[in-house]
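The structure appears below as structure tokens.
The values are calculated or read from the model by the stated rules, or taken from the named source; none is laboratory data. Just so it is clear, the model here is predicted, and its values are computed rather than measured. Cβ placement follows ideal geometry from the backbone for every residue including glycine, while neighbour counts extend to all protein chains displayed. Note: areas computed on protein heavy atoms with side chains; ligands, DNA, RNA excluded. Shrake-Rupley method; radii C 1.70, N 1.55, O 1.52, S 1.80 Å.
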There are 2 protein chains.
Amino acid sequence: MRAVKAVVPFKMRGAKTRLAPFLSPDERMAFSKAMLRDVLHSLKGIEVTILATEEFDSECDWAHVRLNPHDLNATLNEYIRRERTPTLIVMSDIPLIQEWHVHEMYSDGITLVPARGGGTNAIFMRDPSRFKVDFYEVSFLKHVAIANERGLPLKILDSFCMSTDVDKPEDLAEVLIHCPKHSCAYLRSIGVRLSYGKSRMGVERG
Amino acid sequence: MRAVKAVVPFKMRGAKTRLAPFLSPDERMAFSKAMLRDVLHSLKGIEVTILATEEFDSECDWAHVRLNPHDLNATLNEYIRRERTPTLIVMSDIPLIQEWHVHEMYSDGITLVPARGGGTNAIFMRDPSRFKVDFYEVSFLKHVAIANERGLPLKILDSFCMSTDVDKPEDLAEVLIHCPKHSCAYLRSIGVRLSYGKSRMGVERG
């Protein structure tokens, strides 16, 4: 696909509170940035706007930071209302995403990528002006309904990697197992490693 | 692919204990059977052996039940040791699987389908006699290592649907959201429905 834009919402300070007390506030911030870098890597070659809660250096040529102190849905809907260029919205906490996933998202209408727990981790809109986003709660079902109401062709991308948003300590195990570059390296650098519980994997700090 | 066999391990009584106290023992058994039916439906047309802990009626023409009172890994490895026919091993608690997933699994060597938490929810073996299974704990990484040690081409199937094994009450939400036929109908029939917590979906009983 020739011209595609991408928007990546990003919260830095006060993000990922469910990873406390496993990670300190500074570590959560550093880890959030590492996950963002993995996500941005998958979007290489695409013009990316990071909708951030505060200024920071993305350290990434193809991404520029735009401040967004407002409600995410309102901001995104204001952004896409007049946008006709095919656009991706990709969450910043899905570090297992790879470049080929992004290509799989391209479609003739709307592509939704379900998160665990009923969320939506990414959306592709061929014509953003015809869609409306509604994140939070069971956003996946809400987005399915919006696409159907508006008569937009709907593709659902079935991906474990993209369904994995990292919110809770147990999610860190997925990062260590599947090992996306920056976020896995960061966790290892602070001594986080896999541990084997009774019936499911967890993480511990060495 | 012409001739393919499938093996589905199935535990009935005493299964899914982490769904207690949300579901009673009888309900857990009925729900396990409903999930199995969804899995068997995806394997339509394939000769399926259900490795079961006790006799029961699979109500399914293409699946026969074989009793397995022994260790799962030992039984599976004994089974595949002399088997040259392409074979699938599919867990019985992944009701979101569909027929097209099964076709996606076919490959020239080994296909692994990662579960959340480091497990393996399904395996395809082009030549089972060249492989060895090692379920439990981080079986995904163990299976990757076995395929690599034995020089077998490895495909990893990235699927949210197939990664979703239903073990805990919160997993029931995935069944209600993505709605595989038999298991979703069963949960609804006993009054299980989605509930909206603070930041993530759960389930409740009406």
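So here's what we get for this one:
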{"item": "From B:123, B:146, residue being under 17 Å from residue B:9 (Cα atoms) and open to solvent by less than 40 Å² (accessible area, probe 1.4 Å)", "result": "B:123"}
{"item": "Test for residue B:58: is it at pLDDT below 90, under 23 Å from residue B:124 (Cα atoms) and either surrounded by 13 or more Cβ atoms within 10 Å (Cβ to Cβ) or among the aromatic types (Phe, Trp, Tyr) (or both)", "result": "yes"}
{"item": "Near pairs, Cβ below 6 angstrom, 6+ apart or cross-chain, from region B:106-127 (free of Cβ contacts under 8 Å to residues at least 40 places away in the same chain) to any residue that is not hydrophobic (A, V, I, L, M, F, W, C) and not in a loop (DSSP other than H, G, I, E, B)", "result": "B:120/B:139; B:120/B:143; B:124/B:111"}
{"item": "Selection status of residue B:140, over 25 Å from residue A:175 (Cβ atoms), crowded, with 18+ Cβ neighbours inside 10 Å and aromatic (Phe, Trp, Tyr)", "result": "no"}
{"item": "Segments classed as strands (runs of 3 or more DSSP E), wholly inside region A:4-87, with at least 1 members that are among the polar types (S, T, N, Q) and within 27 Å of residue A:131 (Cα to Cα)", "result": "A:47-52"}
{"item": "Answer from B:181, B:168 - the residue that is touching a Pro at 6+ places or on another chain (Cβ under 9 Å) and surrounded by fewer than 17 Cβ atoms within 10 Å (Cβ to Cβ)", "result": "B:181"}
{"item": "Within region A:88-206, strands (runs of 3 or more DSSP E) holding 1 or more residues that are under 12 Å from the mean Cα position of the chain (by Cα) and more than 14 Å from chain B (Cβ to nearest Cβ)", "result": "A:120-125"}
{"item": "Residue check for residue B:111: open to solvent by 10 Å² or more (accessible area, probe 1.4 Å) and either polar (S, T, N, Q) or on the phi > 0 side of the Ramachandran plot (or both)", "result": "no"}
{"item": "Count - residues of region A:1-49 that are basic (Lys, Arg) and touching a strand residue (DSSP E or B) at 6+ places or on another chain (Cβ under 9 Å)", "result": "3"}
{"item": "Flag for residue B:196 being touching an Asp or Glu at 6+ places or on another chain (Cβ under 9 Å), surrounded by fewer than 20 Cβ atoms within 10 Å (Cβ to Cβ) and of a type in the set (Phe, Trp, Tyr)", "result": "yes"}
{"item": "Region A:16-33, residues that are open to solvent by 10 Å² or more (accessible area, probe 1.4 Å), within 17 Å of the chain's Cα centre (by Cα) and aliphatic (A, V, I, L, M)", "result": "A:29, A:30"}
{"item": "Residue check for residue B:13: surrounded by fewer than 17 Cβ atoms within 10 Å (Cβ to Cβ) and within 26 Å of residue B:138 (Cα to Cα)", "result": "yes"}
{"item": "Residue within region A:91-100 that is open to solvent by 10 Å² or more (accessible area, probe 1.4 Å) and either without any contact (Cβ under 8 Å) to a residue 24 or more places away in the chain or touching a Gly at 6+ places or on another chain (Cβ under 8 Å) (or both) present", "result": "yes"}
{"item": "Members of region A:67-90 found to be at pLDDT 95 or above, under 25 Å from residue A:16 (Cα atoms) and open to solvent by 20 Å² or more (accessible area, probe 1.4 Å), listed by number", "result": "A:73, A:74, A:77"}
{"item": "Failed item in (1) surrounded by 22 or more Cβ atoms within 10 Å (Cβ to Cβ); (2) of a type outside the set (Val, Ile, Thr); (3) within 28 Å of residue B:179 (Cβ to Cβ), with residue B:41 passing the rest", "result": "(1)"}
